[in-house]
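What follows is a set of notes on a single structure, which appears directly below.
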Amino acid sequence: MNDVITNILICGIGGQGVMTAAEILAQAAMAQGFDCKKSEIAGMAQRGGVVTSHVRFGRKVWSPVITPGSADLLVAFEVAEGSRWADHLRPGGTAMVNTIRLAPPIVSSGLYKYPADPVAQMRAAGVPVIEVDAGTIARDLGNLRLVNTIMLGAIADHLPFPASELEEQIVGRFRERKPAMVEVNQRAFEAGRQASQRGNADVSARAVNS
Amino acid sequence: MSAAVQAQPHTRLLLSGNDAIARGVWEAGAKVASAYPGTPSTEILESLALYPDLYAEWSVNEKVALEVAIGGSMSGARSFCAMKHVGLNVASDALMTITVAGVVGGLVIAVADDVGMSSSQNEQDSRYWGRFAHMPILEPADSQEAYEMVKYAFELSEACNTPVLLRLTTRVCHVKAVVEVGERVAHDITGFASDPRRWVMTPANAKGQIPAQIARETKLLALAESSPLNRMEDGKDRRIGFVTSGPAYMHVRECFPDSPVLKLGFTYPVPVGLVEKMASGVAHLVVVEETEPLMENDLKAAGLSRIHGKDLLPRLGELTPNVLIPAIHGLVGEPLPKGSVYPKIDPFPRPPTMCPACPHMGVYYSLSRLRKQVQISGDIGCYTLGAGHPWNALDTTISMGASMGIALGMDKARSEATKDKGVVAVIGDSTFLHMGMPGLLDIVYNRGNVTAIILDNRTTGMTGGQNHPGTGKSLTGEDAPRIDFAKLVEALGVAPERIRTVDPYLLPVVYKTIKEEIAVPAPSVIITTRPCVLSEFYDRLSPLKVIDETCTGCANCIKVGCPAITVKRTETRTRADGTTHELKFTTIDTAMCTGCRMCVESCGPKAIVPAQPTAVAQ
Ligand SMILES: Cc1ncc(C[n+]2csc(CCOP(=O)(O)OP(=O)(O)O)c2C)c(N)n1
Ligand code: SF4
Ligand code: SF4
């Protein structure tokens, strides 16, 4: 194992499952023998606020926080949140963004505007973005709670360990508690992987075109 | 959480600091543990409640929690209590005297400072309390250290006859890191032995013990100087040496891997000798501590004048790498490393909102309608959000329970302009039981013209839904006597006809009741009756919808503040006189709506109806 530290920032909105995703990722890293730290600052119990979780793993991890400009991966459960945290990526890091738009009450009541196209904003700033429409995929699979598994599937090929290890971490949890959910989670994971591979191809195509 | 409870000795687990501390407390053989919830410390007791062979409780407030732990310690049981930083202010009266008398069973007090203020009303450095009360302070940097230090704290407590302060911060409590756990060592309770000269703190008895308390500090200092919790980590870049404690140590190691670091875990009394040794080998010495310059001041007082600390570093917030690097680099004249390459994008703020159907909204909707006629003294809990959009119906929040006394003070300090205003105090059920009761008693006793609204949602919502004496359940989930708020306030002296119980979902009733009670020049209490949406007592019903053709775009339902109701489209209309106004047509998110029906009465044209025609309870 070399001294490289992998920094993954997961962001979203309270109640979306950001912390669960971070927990699964951290457990998977630990199962690979990495030292691992997972940090989160979630303000209050109520729903709806900004939530981030920092996952860092490698041979030896010191600080539990990811310094702005050093994240290898940004996993955004909501598109505007993705833009909010994009400055945490290192040059060449990737933003894996669920394209769902969730407007808070202060936006829907007209006090603030939701940006027309947060992905375009990120790209204009030079951030490599892979779009994943996790909401639609989850709906097609018949369960909105699958967003979590889909997003983990989407980053599975961007980790320093095999995708199957992350999948096993997710599936293992369901095998114990809700065996009936194993199969649909496997499908969700695979769908997330494919969506991100498609998105990745789009990003490469764009790079060639521009 | 349960993984740590079941873990066999020598297994490695990913644990939060809070879960690691709970495991350490249990392994240390503690028999009594108590706390009042408070972010970021809450999960310590939630986790401890799952371990066998130990008594764990939610106390009504932190002072009582500490007193329960003191009683345990006096009886020879290893005892533990936990609280957030401001909780120690509440507990401080007991603290300042128990550190004179000392302990029988080891007594450890974990205090969690909210460095960075993710969810608190201030950012105090509770290490002041350790100094003030003459007790040793241990500061872990991560979960493994928290686990080890809490076990050591019990030993230290017994060896030096003193309570020990385990100082945590949010980055210790809520960061998960790898911990290797061990085995429980049993500590039998010796039982209470009467010793009035020691435990009855009359002036004569206290005076007799203070010399020992002072002498103890010499012994503690010697222990700190030789403690394995304080270690020198050498480095080849001797331009700067760091003295650091808590999670700041991790950030220092991250940013300056080649610098020598004196890593302090046993931080009070400050091991000056170790720092002197370090100082002689480096060009600059920098003390990196969160948040106040406490070690720094102690070191300066001991004669180490040429040290840096808060001259370079901020006195608030975390000392994370992005703060440390620019602050320190100037010292050696190095150019700053390049920061982030991508620009910051700031889409819009996203403050936390109340949950859909939160019963608090019924009260705030009504108060916002009465806004010009009332001053509203508030308190701490989910209902503090009433200060925000769209209600703007809270004027003060200071400390837990303060809504009562502040309301009384406002009532007694009326000006010509405010003499006819109603004074309303809004307080949650857990907060009322924590510190609100004495304030209400004061209102009654001193004939205050105040209307107190007790938001009884049968839980401690803000901290994640803990039990309290008003829920009918204990920390461990067993049935407990359930306090009757109406009887309680009557016993405090509120006239029975001035005690009103309302369903907060019935907006017109809430409005009318508040209006009536502020009109009566006497203490009155309004108690709401609906449970927190996230509690086990809440029943979800079938969702509602807005009939588009009936909706007139008045947007009155938006003012209820339920996040399930949003604006779907707007239309600008021109009035006859040429002025324009905007209509906002709304919609209800059926996935979020619980069918509470609170918003129904806010809609004049009756456009809010069941989403399915034959709505039945699910
Ligand atoms: C002295 C002190 N202890 C603990 C806390 C943490 N805390 C904030 S609000 C709150 C209680 C909230 O419960 P409740 O009053 O029932 O209101 P709810 O959140 O349910 O609306 C607690 C424990 C604090 N801020 N201060
Ligand atoms: S947690 Fe309970 S009290 Fe807090 S906002 Fe949600 S419903 Fe209201
Ligand atoms: S009935 Fe109205 S107030 Fe209640 S949850 Fe549904 S939208 Fe919100």
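I need to check one value: relative contact order of region B:211-284, counting alpha carbon pairs closer than 8 Å and at least 6 residues apart, in percent.
Numbers: 103 pairs, mean separation 30.0, N = 74.
Once normalised by length, the contact order is 41 percent.
Please work out the FRET efficiency for the pair residue B:392 and residue B:568, using the Cβ-Cβ distance as r and a Förster radius of 25 Å; give the result to the nearest 0.05.
Plugging the Cβ-Cβ distance into 1/(1 + (r/R0)^6) gives 0.55.
Ignoring everything except DSSP H segments at least 4 long, calculate the 222 nm mean residue ellipticity for chain B; use -39,500 (n - 2.57) per segment, divide by total residues, nearest 500.
The helix contribution divided over chain B gives -9000 deg cm²/dmol.
Where the Cα atoms of chain B are projected onto their three principal axes, how long is each span, largest first, in whole Å?
Answer, in whole Å and largest first: 84, 66, 57 Å.
Would you tell me the mean number of C-beta atoms belonging to other protein chains that fall within 10 Å of each C-beta in A:66-79, as a whole number?
3
Could you check which residue among A:190, A:176, A:168 shows the biggest mean-square fluctuation in a GNM of chain A with a 10 Å Cα cutoff?
A:176
Across peptide A:18-29, what mean number of C-beta atoms from other chains lies inside 10 Å of a residue's C-beta?
Neighbouring Cβ atoms belonging to other protein chains average 1 per residue here.
Only helical DSSP H runs with n ≥ 4 go in: add -39500 (n - 2.57) per run for chain A, normalise by residue count and round the 222 nm mean residue ellipticity to 500 deg cm²/dmol.
-13500 deg cm²/dmol
Sort A:95-104, A:11-20 by the packing proxy (mean of other Cβ within 10 Å over each peptide's residues), most packed first.
A:95-104, A:11-20
Mind listing which trypsin sites (Lys or Arg not before Pro) in region B:557-592 are in a DSSP loop and have 12 or fewer other Cβ atoms within 10 Å?
Numbers: sites: B:559, B:568, B:569, B:573, B:575, B:584; in loops: B:575.
Taking region B:557-592 and a limit of 12 other Cβ atoms within 10 Å, the loop trypsin sites (Lys or Arg not before Pro) found are B:575.
Is the shape of region A:121-173 rounded, prolate or oblate, going by the alpha carbon gyration tensor and its root eigenvalues a ≥ b ≥ c, with a/c under 1.5 for rounded and a/b larger than b/c for prolate?
The shape class here is oblate.
Among the lysines, which fall within straight-line cross-link reach of residue A:60, defined as a Cα-Cα distance under 16 Å, with same-chain neighbours fewer than 8 residues apart omitted?
Hits, sequence-local ones excluded: A:37, A:38, B:176.
Could you give the angle, 0 to 90 degrees to the nearest 10, between helix B:143-160's Cα long axis and the longest principal axis of the Cα atoms of chain B?
60
Using Cα pairs closer than 8 Å and at least 6 residues apart in sequence, work out the relative contact order for region B:133-212, in percent.
Computed value for region B:133-212: 30 percent relative contact order.
To one decimal place, what Kirkwood hydrodynamic radius in Å is obtained for region B:194-293 from all pairs of distinct Cα atoms?
Working: mean 1/r = 0.0646 Å⁻¹.
Computed over Cα pairs of region B:194-293, the Kirkwood hydrodynamic radius comes out at 15.5 Å.
Apply the a/c threshold of 1.5 to the C-alpha gyration tensor of the protein assembly as shown and tell me whether it is rounded, prolate or oblate.
Values: a/c = 1.71, a/b = 1.12, b/c = 1.53.
Judged from the Cα gyration tensor, the protein assembly as shown comes out oblate (a/c at least 1.5, b/c at or above a/b).
If packing is taken as the average count of other Cβ atoms within 10 Å, what order do B:493-505, A:126-138 fall into, highest mean first?
The packing order, highest mean first, is A:126-138, B:493-505.
Among the lysines, select those whose C-alpha is under 18 Å from the C-alpha of residue B:419, and discard any that sit fewer than 8 residues away in the same chain.
Once the sequence-local lysines are set aside, what remains near residue B:419 is B:372, B:515.
What does the average come to when, for each residue of peptide A:49-55, you count the partner chain Cβ atoms lying within 10 Å of its Cβ?
2
Straight-line reach from residue B:63: which lysines have a Cα under 24 Å away, not including same-chain ones fewer than 8 places off?
Within the straight-line limit of under 24 Å, residue B:63 reaches these lysines: B:31, B:84, B:151, B:207, B:473.
Take peptides B:302-311, A:49-58, B:155-164 and line them up by average Cβ neighbours within 10 Å, highest first, as a rough protection proxy. Intermediate values should be presented prior to the final figure.
Details: B:302-311: 13.9, A:49-58: 24.1, B:155-164: 20.8.
In decreasing order of mean packing, B:302-311, A:49-58, B:155-164 become A:49-58, B:155-164, B:302-311.
Can you pull out the GluC sites (Glu not before Pro) in region B:50-118 that DSSP calls coil and that have at most 12 other Cβ atoms within 10 Å?
Values: sites: B:57, B:62, B:67; in loops: none.
Loop-located and lightly packed - none at all.
By the gyration tensor of its Cα atoms, with a ≥ b ≥ c the square roots of the eigenvalues, what is the shape of chain A: rounded for a/c under 1.5, prolate for a/b over b/c, or oblate?
Working: a/c = 1.28, a/b = 1.15, b/c = 1.12.
Because its axes are fairly even, with a/c under 1.5, chain A counts as rounded.
So what is the relative contact order of region A:1-146, in percent, for Cα pairs below 8 Å that sit 6 or more residues apart?
Relative contact order for region A:1-146 comes out at 22 percent.
Every number in this text was worked out from the coordinates using simple rules, so none of it is lab data. It should be emphasised that the depicted structure is a prediction, and the values quoted were computed from it without experimental measurement. Methodologically, a virtual Cβ is constructed for each residue, glycine included, from the backbone with ideal geometry; neighbour enumeration extends over all protein chains shown.
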